[in-house]
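*Asks:* Got a structure for you, questions after.
The values are calculated or read from the model by the stated rules, or taken from the named source; none is laboratory data. From a predicted model like this one, the values you see are computed outputs, not experimental measurements. Counting neighbours? That spans all protein chains shown, and the Cβs are built from the backbone with ideal geometry, glycine included.
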Amino acid sequence: MPASREEKNAQKRKSYHKNKEKNREKINQRQENYRKNNPRTRKGHIGTLVDKWSADKVKYSEGDLRDLADKYFKTDNCELCNRDIAADTSKISLRNMDHNHSTNYFRWVCCRSCNIRLGKTDREFRCVMKELKFVCRLPPVFKLT
């Protein structure tokens, strides 16, 4: 007679706990091998970033792009709001490299929310400057007494 669902689940739990340590060792070994062989590990990823930044013509005033990549990976806190970006893995605070899009000069390693805020501020500033240039060219409407 077939075992009931509860009995099957109890057998599975017993088997799982019996082999748990052995399975954990296999998983750890697989993860370690993956990290060794995967080119996107921390050191391998520096070369990838340098290649990408070179193609994007990113400029760094304090050294070459390899120094910038080292700084990018070694920065643990957002340089603007001081949020911990090394430990936090939520999508809002991922590590970002802020740079000026018109000159391509690197500015800060910051969290995603600061990077978005800077981008909006940068665009708004450019719009205000355009408006000021336009307004300065207009003839005066009122005469001040």
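*Asks:* Tell me, which residue of segment 31-56 that is outside any helix (DSSP H, G or I) and within 19 Å of the chain's Cα centre (by Cα) is modelled with the highest pLDDT?
*Replies:* The extreme case among them is 56.
*Asks:* Additional query: Name the residue that is surrounded by the fewest Cβ atoms within 10 Å (Cβ to Cβ), counting only residues in segment 59-73 that are outside any helix (DSSP H, G or I) and touching a strand residue (DSSP E or B) at 6+ places or on another chain (Cβ under 7 Å).
*Replies:* This residue is 61.
*Asks:* If you don't mind, there's one more thing I want to ask. Six or more apart or on different chains, Cβ atoms under 6 Å: show the pairs whose first residue is in segment 13-37 and surrounded by 10 or more Cβ atoms within 10 Å (Cβ to Cβ) and whose second is of a type in the set (S, T, N, Q).
*Replies:* Qualifying pairs under 6 Å: 35/41.
*Asks:* Regarding residue 89, is this residue at pLDDT below 75 and part of a loop (DSSP other than H, G, I, E, B)?
*Replies:* Numbers: at pLDDT below 75: yes; part of a loop (DSSP other than H, G, I, E, B): yes.
Answer is yes for this residue.
*Asks:* Residue under question is residue 82, and the condition is that it be farther than 28 Å from residue 57 by Cβ and either at pLDDT 80 or above or assigned to a helix (DSSP H, G or I) (or both); does it hold?
*Replies:* Details: farther than 28 Å from residue 57 by Cβ: yes; either at pLDDT 80 or above or assigned to a helix (DSSP H, G or I) (or both): yes.
Considered against the rule, which asks whether it is farther than 28 Å from residue 57 by Cβ and either at pLDDT 80 or above or assigned to a helix (DSSP H, G or I) (or both), residue 82 comes out as yes.
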